Amino acid sequence: MNAQPDSLRLLAVHAHPDDESSKGAAMMASYAASGVEVMVATCTGGERGDILNARMAGVAHANRDLAGLRRLEMANAAKELGIRHRWLGFADSGLPEGDPLPPLPFGSFATLPLERAAEPLVRLVRQFKPQVLVCYDENGGYP
């Protein structure tokens, strides 16, 4: 997957599958359509997410295998946007609620030491060599 030295490359990093569709999809599709190599790196499988689309609430696949459904949705999104995609392979931390907040699930992305959490992304950046990296600041993008 080594990058072509003369091509322009953009890498967007997101926590969950579906973030690419709600955060920057038009920008990525536009760059991809103009010839820029665009890749999305998704940190987790989104397996602890919620079903926010009321039409999906009764879909058996969404209820029994949310992570599998998210993989299919991500593949469809990549195709529609004209981008490449890479899973970084971490377990979703979820967005725990409550006061006090419950502990994060053992081994989930947000519980890992920074060096371990960053390693697959560092490897991908070194391979893909993007000129532009689109990501969140140190506070993330969620409350």
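The values are calculated or read from the model by the stated rules, or taken from the named source; none is laboratory data. Given the structure is predicted, the values throughout are model-derived calculations rather than measurements. Counting neighbours? That spans all protein chains shown, and the Cβs are built from the backbone with ideal geometry, glycine included. We work out accessible area using only protein heavy atoms, side chains counted, and drop any ligands, DNA or RNA first. Shrake-Rupley method; radii C 1.70, N 1.55, O 1.52, S 1.80 Å.
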Practice task
Just need the relative contact order of the stretch 1-114 here, percent rounded to a whole number, with Cα pairs under 8 Å and 6+ apart.
Solution key: 29 percent
Completion exercise
Two pseudo-spin positions, 7 Å from Cα along C-beta at residue 79 and at residue 118, lie apart in nanometres by 3.7 nm
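Mind listing which GluC sites (Glu not before Pro) in the stretch 46-100 are in a DSSP loop and have 15 or fewer other Cβ atoms within 10 Å?
97
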Completion exercise
With every protein chain kept in place and a 1.4 Å probe, the chain has an accessible area per residue in Å² of 62 Å²
Fill in the blank from the handout: Judged on accessible area alone, 1.4 Å probe, highest first, 74, 56 line up as 56, 74
Handout entry: Spin-label model distance (nm) - residue 101 vs residue 29, 7 Å beyond Cα toward Cβ
Key = 3.3 nm
Completion exercise
Expected unfolding gain across residue 133-residue 56 under the 0.36 nm per residue rule, minus the alpha-carbon gap, is 24.5 nm
Handout entry: Under DSSP loop assignment and at most 16 Cβ neighbours within 10 Å, longest chymotrypsin sites (Phe, Trp or Tyr not before Pro)-free interval of the chain
Key = 1-105
Completion exercise
Of the convex hull enclosing the alpha-carbon atoms of the chain, the direction-averaged projected area in nm² is 9.6 nm²
